[in-house]
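Notes follow once the structure below has been shown.
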Amino acid sequence: MAAARRRFILAIDGGGVRGLIPLRILETLEARLRVLGKTQPLHRYFDMIGGSSTGGLIAAGLAAPRPDDTSGAPAAGVAELRRFFEVEAREVFRRKSLFERFVANPRAVFDERYDERPLERILKEQLGWTSLQSALTRLVLTAYDLGRREAVFMTNGRQSDGSRPDDYYLWQAVRATTAAPAYFEPMRAENLTHGDERVLIDGGVVMNNPTLAVWLEAMKLGWKPEEITILSLGTGADIRRSWTFREAASWGPLGWLLPANGVPLLSVLAHGQSTTAAYQAQRLLPAAGIGEVVRLDGDLPAGAEAIDNTRPGNIIELNGVADRIIRDNTQLLDRLAQEMSEWPE
């Protein structure tokens with residue numbers, strides 16, 4: 001009897017422009033697949049792709065259908081996504097002008113740092129008005145619903161009772177999962193299933209590392225745990241970056257959320273959740289029968305942790321982090337490419 005095909009699940013952390021790091025790892029994995037004659041788009045080798053925040057943007061780019069294209073091509077290949085992080089993100093993270101912040105908005109001190117319209121324009125152009133249910137593989141995007149006070153897992157899988165989950169426009173789902181508080185406004189996303197509006201913010205607030213989320217979705221689909229490999233990709237952390245008691249005590253309520261301070265509250269929440277989820281996944285999932293959990297992450301140089309640092313010098317630093325992760329995991333990446341195969345039509 002032929003061995004059962006392994007299912008591969010991809011989970012990508014949040015981290016703003018640091019999403020370039022997991023993207024570069026996927027770029028080298030794709031190159032390894034092609035050397036082996038496996039030339040289909042990446043979504044054909046991953047049975048499920050999940051992401052939070054910038055990881056959700058990458059996931060949707062790889063899994064969404066290209067608008068007005070019936071060939072099964074994804075909305076964005078790895079090369080297009082790399083251009084987004086290295087070039088187009090500069091426009092997304094362009095600071096609001098003095099007029100926008102202080103003349104047009106008298107409450108500017110409480111205003112978000114960035115205008116969401118450039119990001120929304122890019123998302124609409126790339127994703128069109130396709131919905132989650134049209135994704136080319138299983139897709140999971142995380143968010144938090146401010147109105148209902150609950151975590152939201154936007155997916156084209158199944159609910160626990162076997163029913164279909166709520167559907168959303170993909171561009172709105174990505175805008176929601178990337179709506180980092182203090183950086184962008186919340187997203188008013190149209191729930192296509194119920195016909196109402198949901199006010200959603202960045203999934204990284206509740207699940208910056210979505211490994212456990214994709215595992216739960218896989219179990220809802222009835223997949224055999226022993227046949228699953230989860231590839232979990234981080235966006236790096238500056239583990240040397242710390243704050244003194246004097247600094248933290250002087251921030252006050254606003255200081256914890258000031259971008260000028262690096263938004264310490266969000267930084268702590270994201271890093272704490274990512275590392276905790278990685279620890280839990282490495283220990284709980286094998287005990288639950290999961291075949292393999294692979295976690296790839298790296299250390300960031302000083303000053304590279306800011307999610308909105310799009311300066312050319314920082315992009316070079318992030319590429320360097322990715323290069324080191326790839327170098328240190330060459331044999332692992334070769335093995336994964338060998339084991340991966342297209343999922344059946």
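Remarks
- Residue in segment 203-222 that is farther than 20 Å from residue 10 by Cβ, without any contact (Cβ under 8 Å) to a residue 60 or more places away in the chain and surrounded by fewer than 19 Cβ atoms within 10 Å (Cβ to Cβ) present: no
- Just one of the listed residues (74, 41) is at negative phi, touching a His at 6+ places or on another chain (Cβ under 9 Å) and open to solvent by 10 Å² or more (accessible area, probe 1.4 Å), and it is 74.
- Boolean, residue 229 is of a type in the set (S, T, N, Q) and farther than 25 Å from residue 150 by Cα: yes
- Residue 340 meets the conditions (1) within 23 Å of residue 15 (Cβ to Cβ); (2) open to solvent by less than 30 Å² (accessible area, probe 1.4 Å); (3) of a type outside the set (Gly, Ala, Ser) in every case but one. The failed one is (1).
- Condition met for residue 33 (touching a Leu at 6+ places or on another chain (Cβ under 7 Å) and part of a helix (DSSP H, G or I)): no
- Here 248, 304 are screened, and the one residue that is closer than 21 Å to residue 54 by Cα and open to solvent by less than 70 Å² (accessible area, probe 1.4 Å) is 304.
- Single residue of 333, 269 found to be within 30 Å of residue 219 (Cα to Cα) and over 18 Å from the mean Cα position of the chain (by Cα): 333
- Tally, over segment 244-286, of residues that are part of a loop (DSSP other than H, G, I, E, B) and either touching a residue at least 60 places away in the same chain (Cβ under 8 Å) or hydrophobic (A, V, I, L, M, F, W, C) (or both): 4
- Residue in segment 304-313 that is more than 29 Å from residue 182 (Cα to Cα), modelled with pLDDT under 95 and either touching a Leu at 6+ places or on another chain (Cβ under 8 Å) or part of a helix (DSSP H, G or I) (or both) present: no
- If you go through segment 268-280 and keep only what is open to solvent by less than 20 Å² (accessible area, probe 1.4 Å) and not hydrophobic (A, V, I, L, M, F, W, C), you end up with just 274.
- Put simply, of 103, 87 the only residue that is farther than 15 Å from residue 139 by Cα, modelled with pLDDT of 95 or more, of a type outside the set (Gly, Ala, Ser) and out of contact with any helix residue (DSSP H, G or I) (no Cβ under 8 Å at 6 or more places or on another chain) is 87.
- Selection from segment 281-301 of residues that are open to solvent by less than 40 Å² (accessible area, probe 1.4 Å) and of a type in the set (Gly, Ala, Ser): 281, 289, 298
- Enumeration of residues in segment 314-326 that are open to solvent by 70 Å² or more (accessible area, probe 1.4 Å) and in contact with a Leu (Cβ under 9 Å, 6 or more places away or on another chain): 317
- Test: residue in segment 67-80 that is assigned to a helix (DSSP H, G or I), under 25 Å from residue 216 (Cβ atoms) and either modelled with pLDDT of 85 or more or of a type in the set (S, T, N, Q) (or both): no
The values are calculated or read from the model by the stated rules, or taken from the named source; none is laboratory data. Quantities reported herein were computed from a predicted structural model and do not represent experimental measurements. In this analysis, Cβ positions are derived from the backbone assuming ideal geometry, glycine residues included, and neighbour counts consider all displayed protein chains. In case anyone asks, the SASA skips ligands and DNA or RNA and just uses the protein heavy atoms, side chains included. Shrake-Rupley method; radii C 1.70, N 1.55, O 1.52, S 1.80 Å.
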